[in-house]
Amino acid sequence: MKLLLASQSPRRKELLSSLGFEFEVVKIDCEEIIPETIQIQEAAAYLSDLKADAFRSLEEDEVLLTADTVVAIDNQILGKPKDEADAFKMLQNLSGRTHQVYTGITIKTARKSITETDVADVTLDKLSDEEINYYIQNYKPFDKAGSYGVQEWLGMAKITSLTGSYYTIMGLPTHLVYKILKESSLI
């Protein structure tokens, strides 16, 4: 079977490669809008499914992997920041608090589709305005849900605890991907 990764994320590419899978990166264009009626814990899976459904019909020898990550705090989803001010506001909101990171994955073939979500709790130490500005200026987190990457400076310097998979926070629950691909004999 030929594995197709529908993600431009360098982190997802690195993680899937590190799992030992060979794959081709494909592009999917779809508008990622979450309905207001959806539960927060279902949003990442919804977006992952949306991407998988937007992809062309799969050939019999193809397996498509899509993923999406959302950060949530106070019953609110923090998506990718629109600009520096939005990133600053998000990071101020996360400062000194615990939030959830949900990553949904969809693994789809011509005959079936499997979608699962993993969640991790992340606690950040207090962030000063100077630290937030430093992070935004040096790491440009505009392509990251919640305005941060766990593998970057903010994660190294300011995460005081996490419960769940580090890789879920990074954007790909590798344990689920491996389990589904191997146990379903898809790859």
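The values are calculated or read from the model by the stated rules, or taken from the named source; none is laboratory data. Every value quoted in this text rests on a predicted model; they were computed, and no experiment measured them. Every residue, glycine among them, receives a Cβ derived from its backbone with ideal geometry; neighbour counts consider all protein chains shown. Please note that ligands, DNA and RNA were not included when accessible areas were found on the heavy atoms of the full protein model with its side chains. Shrake-Rupley method; radii C 1.70, N 1.55, O 1.52, S 1.80 Å.
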Self-check item: Complete set of residues in region 110-129 that are touching a helix residue (DSSP H, G or I) at 6+ places or on another chain (Cβ under 9 Å) and not polar (S, T, N, Q)
Solution: Ile114, Glu116, Asp118, Val119, Ala120, Val122, Leu124, Asp125, Lys126, Leu127, Asp129
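Rundown of residues vs (1) of a type outside the set (A, V, I, L, M); (2) within 22 Å of Leu50 (Cα to Cα), yes/no style:
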position: Asp118; (1), (2): yes, yes
position: Ile132; (1), (2): no, no
position: Leu154; (1), (2): no, no
position: Ser161; (1), (2): yes, no
position: Ser165; (1), (2): yes, no
position: Lys182; (1), (2): yes, no
position: Ser185; (1), (2): yes, no
Quiz item: Looking only at residues in region 74-83 that are in contact with a helix residue (DSSP H, G or I) (Cβ under 9 Å, 6 or more places away or on another chain) and within 16 Å of Phe142 (Cβ to Cβ), which one is most open to solvent (accessible area, probe 1.4 Å)?
Solution: Lys80
Quiz prompt | Residue, nearest to Ser113 (Cα to Cα), within region 135-183, restricted to residues that are of a type in the set (S, T, N, Q) and open to solvent by 80 Å² or more (accessible area, probe 1.4 Å) | solution = Thr163
Quiz item: (1) under 24 Å from Tyr139 (Cα atoms); (2) assigned to a loop (DSSP other than H, G, I, E, B): which one isn't true of Glu31, the others all being true?
Solution: (1)
Exercise. Scan region 1-42 for residues that are among the aliphatic types (A, V, I, L, M), touching a residue at least 60 places away in the same chain (Cβ under 8 Å) and open to solvent by less than 80 Å² (accessible area, probe 1.4 Å) and report the count.
Key: 8
Quiz prompt | Those residues of region 1-36 which are in contact with a Phe, Trp or Tyr (Cβ under 9 Å, 6 or more places away or on another chain) and among the β-branched types (Val, Ile, Thr), in sequence order | solution = Val26, Ile28, Ile34
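Against the condition in a helix (DSSP H, G or I) and either among the hydrophobic types (A, V, I, L, M, F, W, C) or within 20 Å of Ser95 (Cα to Cα) (or both), how does Ile180 come out, does it pass? Before the answer, list the steps.
Values: in a helix (DSSP H, G or I): yes; either among the hydrophobic types (A, V, I, L, M, F, W, C) or within 20 Å of Ser95 (Cα to Cα) (or both): yes.
Considered against the rule, which asks whether it is in a helix (DSSP H, G or I) and either among the hydrophobic types (A, V, I, L, M, F, W, C) or within 20 Å of Ser95 (Cα to Cα) (or both), Ile180 comes out as yes.
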Quiz item: Within the group Ser113, Ser57, which residue is under 19 Å from Lys179 (Cβ atoms) and open to solvent by 10 Å² or more (accessible area, probe 1.4 Å)?
Solution: Ser113
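Just one of Asp129, Asp86, Asp118 is open to solvent by 50 Å² or more (accessible area, probe 1.4 Å) and among the acidic types (Asp, Glu); which is it?
Values: Asp86 fails: open to solvent by 50 Å² or more (accessible area, probe 1.4 Å); Asp118 fails: open to solvent by 50 Å² or more (accessible area, probe 1.4 Å).
The match here is Asp129.
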Self-check item: Filter pass, Ala67 being in a strand (DSSP E or B), closer than 17 Å to Ala120 by Cβ and open to solvent by less than 10 Å² (accessible area, probe 1.4 Å)
Solution: yes
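Just one of Glu42, Glu84 is of a type outside the set (Phe, Trp, Tyr) and closer than 21 Å to Lys179 by Cβ; which is it? Break it down stepwise before answering.
Values: Glu84 fails: closer than 21 Å to Lys179 by Cβ.
Only one candidate passes the filter, namely Glu42.
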Quiz item: Can you spot a residue in region 95-110 that is more than 19 Å from the chain's Cα centre (by Cα), open to solvent by less than 30 Å² (accessible area, probe 1.4 Å), over 29 Å from Asp49 (Cα atoms) and modelled with pLDDT of 95 or more?
Solution: yes
